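Here's the structure we're looking at; comments come further down.
The values are calculated or read from the model by the stated rules, or taken from the named source; none is laboratory data. Everything numeric here is computed off the predicted structure, so don't read it as measured data. Here the Cβ is made from the backbone with ideal geometry for all residues, glycine too, and neighbour counts use every protein chain on show. Accessible surface areas use protein heavy atoms only, side chains included; no ligands, DNA or RNA. Shrake-Rupley method; radii C 1.70, N 1.55, O 1.52, S 1.80 Å.
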Amino acid sequence: MATAATGGVKYPTIVENFSYSPIDPAIWRVDDRTGLEFRDLALDASTHGKLIARHWRNAGTEKVVDLVDSRSPFAFLFLLSGTVVAEGLGDELVSLLSFSSATRYGRGSATGWRFAPGSELLQIAADNEADDVLGTADITDASWTVTHDSEDAYVVGQGPRKFFKYRDLGTSEATGRRIHIHVVAVAGEAPGGTGWHRHTMGQIFYVLTGGAQLSLQRQPWVNVKAGDAMCICAGLGHDVPVFTNDYAVLEMCVPTDYDTIDLDD
């Protein structure tokens, strides 16, 4: 398994294979346990089963579901649209609105999630046996970290590209810098796109708004749009030469600390 260094400690990149999950055509299934519809974003194939990513939606009436396995050592939820109310995060109900997130690092207690009709949500979760790669063996009563979207939560240039703005979702601090998830959005005119580069981390990104052209080494170039998801393993060169002014993605980087290396065209 590839690793990336941070402060003398090496954390696994986990995402080791390329995958692409376009929204069209997507295969939606009905989950027998929750009654929600979902589509798989192929993160399990890219991580050899260590992580999964799913896009959930409620196409029917309001539902209260136990969406997250309490035994999972890592769970992340990101609301795409609608409203989902968390029951059991404390004394008060917590409402997740569009682009709100909730993160749990370590095992925790069962939590009910009340899906309003039409709500859609992204879930990233670790396999129940993934303690060894996540360092969670001794965390058995973990709490949730919740963030909400606001314009002042974005920082321009808080990442490798000065023409993007970044919103940190708190996963890096919660996981001891093993996993970083943020929202990345266009903040200005890019001088010819990102250019060819590679990272020492593995990543998955989900397009929230807008679209872009993406070129990858050893892969055909694609036009990605809202609803598309892609896993890029460490070391795979890629370039984003063109994107729309409203382009925004949810991106997971594993681990938090990594190098970006510019490549020749």
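Below is a table of values for the structure above.
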| quantity | calculated |
| --- | --- |
| Three-way shape call for the chain based on the alpha-carbon gyration tensor, with the a/c threshold at 1.5 | prolate |
| Nearby aspartates and glutamates by direct alpha-carbon distance to LYS50 (threshold 14 angstrom, same-chain neighbours under 8 apart not counted) | GLU16, ASP127, GLU129, ASP131, ASP132 |
| Solvent-accessible area of THR83 with every protein chain in place, 1.4 Å probe, in Å² to the nearest 10 | 50 |
| In Å², nearest 10: area of ASP168 left accessible to a 1.4 Å probe | 90 |
| Largest-first ordering by accessible area, 1.4 Å probe, given options THR111, THR260 | THR260, THR111 |
| FRET efficiency for SER81 and ASP264, using Cβ-Cβ distance with R0 set to 35 Å, rounded to 0.05 | 0.30 |
| Residue-averaged [θ]222 nm for the chain, counting only DSSP H segments that reach four residues, each worth -39500 (n - 2.57) | -500 deg cm²/dmol |
| Simple Cβ-charge dipole of segment 186-262, Lys/Arg +1 and Asp/Glu -1, about Cα centre, in debye nearest 20 | 260 |
| Relative contact order (percent, whole number), the chain, Cα cutoff 8 Å, 6+ residue spacing | 20 |
| Qualifying aspartates and glutamates (Cα of each under 15 Å from Cα of LYS165; at least 8 residues distant if same chain) | ASP149, GLU151, ASP152, GLU189, ASP246, GLU251 |
| Rounded accessible area of GLU87 (nearest 10 Å², 1.4 Å probe) | 60 |
| Residues of type aspartates and glutamates that LYS63 reaches as a straight line, Cα spacing below 15 Å, ignoring anything fewer than 8 places off in the same chain | ASP31, ASP32, GLU37, GLU87, GLU120 |
| Computed magnitude of the charge dipole of the chain (debye, nearest 20; Cβ of K, R +1, Cβ of D, E -1) | 240 |
| Per residue value of the accessible surface for the chain (all protein chains in place, 1.4 Å probe), Å² | 44 |
| Gap separating the Cα centres of segment 212-265 and segment 116-135, nearest whole Å | 22 |
| Accessible surface, 1.4 Å probe, highest first, among residues SER109, SER101 | SER109, SER101 |
